[in-house]
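Here is the structure we will look at.
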Number of protein chains: 2
Amino acid sequence: MDTMGRHVIAEMWDCNIEILNDMGRIEQIFVDAALKAGAEVREVAFHKFAPQGVSGVVIISESHLTIHSFPEHGYASIDVYTCGDIIDPNVACNYIADSLQSKKLEKVEVPRGLGPIKVPVQEAL
Amino acid sequence: MDTMGRHVIAEMWDCNIEILNDMGRIEQIFVDAALKAGAEVREVAFHKFAPQGVSGVVIISESHLTIHSFPEHGYASIDVYTCGDIIDPNVACNYIADSLQSKKLEKVEVPRGLGPIKVPVQEAL
């Protein structure tokens, strides 16, 4: 398999606080996001923190999706990393932003597996 | 909890090919890396691909560590993300690089949870 990959780093602000604290719902959103992007889900691991917050990952054949949510700040820290050039990680990222009802999405896409790491100018959406 | 975090993106080349294909050993390296950095391990999920390659994650209280290995290229794609300012993700990252016997490590540190994403100039080690 080629080492080339696309890694979208996303900061999602002003999200729905209840969703950010609902582990079951987040897990479903993440599995759906992977499938909508055309990825193959391999492992799913999520953790609920006390008193609030959820961390989790979906490992896909093509790499991973992760979340760390901070309901008290309306914030979720998201990574969507897909190897190869068939799957677009932005499809999954945008689905997650919509599902978390984020009103402010900041993201950058980092090429992976190509040698020196180069990060393009941030897209502000 | 404060949203501030440090995310080290690392490309590890010229690694030991046998280790890159040994899921049990990689899992142990990652748990040890988290503990050496002072993190608290919450969830561990790894997957072995056929014919080769390992993907996995350690979810820590402070965020996550991930790997995607490509033994056929001697390459491992690594992320170490730690929330807060107590834990240094570079401690875990460097331990992983040593353990995978990488002869060429490229990494950048991306601040998370602070607003617009700013990526400093890459460190070439």
Exactly one of these conditions fails for residue A:3: (1) in contact (Cβ under 8 Å) with a residue 12 or more places away in the chain; (2) more than 7 Å from every other protein chain (Cβ to nearest Cβ); (3) not in a strand (DSSP E or B). Give me its number. (2)
Of all residues in region A:86-105 being assigned to a helix (DSSP H, G or I) and among the β-branched types (Val, Ile, Thr), which is least open to solvent (accessible area, probe 1.4 Å)? A:96
Counted residues, region A:28-43 - those being surrounded by fewer than 18 Cβ atoms within 10 Å (Cβ to Cβ) and in contact (Cβ under 8 Å) with a residue 12 or more places away in the chain: 7
For region B:117-125, check the following and say yes or no: at least one residue is open to solvent by 20 Å² or more (accessible area, probe 1.4 Å), touching a strand residue (DSSP E or B) at 6+ places or on another chain (Cβ under 6 Å), at the interface with another protein chain (Cβ under 10 Å from one of its Cβ atoms) and assigned to a loop (DSSP other than H, G, I, E, B). yes
Only one of these conditions is not met by residue A:82: (1) open to solvent by less than 10 Å² (accessible area, probe 1.4 Å); (2) within 12 Å of chain B (Cβ to nearest Cβ); (3) farther than 22 Å from residue B:49 by Cβ; (4) touching a helix residue (DSSP H, G or I) at 6+ places or on another chain (Cβ under 8 Å). Which number is it? (3)
So which pairs qualify, if the first residue must be in region A:48-76 and touching a residue at least 60 places away in the same chain (Cβ under 8 Å), the second must be surrounded by fewer than 24 Cβ atoms within 10 Å (Cβ to Cβ) and of a type in the set (D, E, K, R), the Cβ gap must be under 6 Å, and the two must be at least 6 apart or on different chains? A:74/A:14
Out of all the residues in region B:62-76, which are in contact with a Phe, Trp or Tyr (Cβ under 9 Å, 6 or more places away or on another chain) and at the interface with another protein chain (Cβ under 7 Å from one of its Cβ atoms)? B:63, B:64, B:66, B:68, B:73, B:75
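The values are calculated or read from the model by the stated rules, or taken from the named source; none is laboratory data. Note that the coordinates shown come from a computational prediction; the quantities given were computed from them, not determined experimentally. Reconstructed Cβ throughout: ideal geometry from the backbone, glycine too, with neighbour counts over all protein chains shown. Note: areas computed on protein heavy atoms with side chains; ligands, DNA, RNA excluded. Shrake-Rupley method; radii C 1.70, N 1.55, O 1.52, S 1.80 Å.
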